[in-house]
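Encoded as structure tokens, the structure appears first; notes follow it.
The values are calculated or read from the model by the stated rules, or taken from the named source; none is laboratory data. Just so you know, these numbers come straight off a predicted model, no measurement behind them. Methodologically, a virtual Cβ is constructed for each residue, glycine included, from the backbone with ideal geometry; neighbour enumeration extends over all protein chains shown.
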Amino acid sequence: MRLLLIVEDDQDTRSTLADLLAEFGYSVCDATNRATALAKLRSLHPDLVLLDYGLPAPKDGEEFLLAKASDVEIRAIPVIVLSAYNLPVKMDGTVAVLRKPCDLDRLIEVVQQVIGPPHTPKSTAAA
């Protein structure tokens, strides 16, 4: 099963995203700040990160992306940024930027484009 890390300080938004992704069959873990998110990236190696760019500490979203990019172990994990800020459509270290409040159907569409369905098909190759 595919694992997604939601990095979001707002409890309601975090719960809504987690419920939606679970409904579509994805496993979800979460973090409320940069330090916890980086620790979970290193320990859990999720398939995708949904990052609130406007975390409460100044530049936390930006600092998260910089720290991730400098760490060989986790730099390849894709990130979708969710932000109320007017950010570029694509940013370094991200695969997509979606404006908050985001269209949930569009979010699921982008998640599926980036990492595929929630379950990895079993190999049918003969032994």
Would you mention how many residues in the range 98-127 are of a type outside the set (D, E) and at pLDDT 90 or above?
12
Looking at P56, P46, which is the one that is at pLDDT below 95, out of contact with any Pro (no Cβ under 6 Å at 6 or more places or on another chain) and not hydroxyl-bearing (S, T, Y)?
P56
The range 10-31, residues that are farther than 23 Å from P118 by Cα and in a loop (DSSP other than H, G, I, E, B)
D10
Return the residue satisfying two criteria in turn: it lies in the range 17-61 and is buried (at least 17 other Cβ atoms within 10 Å of the Cβ) and of a type in the set (D, E, K, R), and of such residues it is nearest to M91 (Cα to Cα).
D52
Options A35, A39; residue that is at pLDDT 95 or above, more than 13 Å from the chain's Cα centre (by Cα) and either part of a helix (DSSP H, G or I) or not acidic (D, E) (or both)
A39
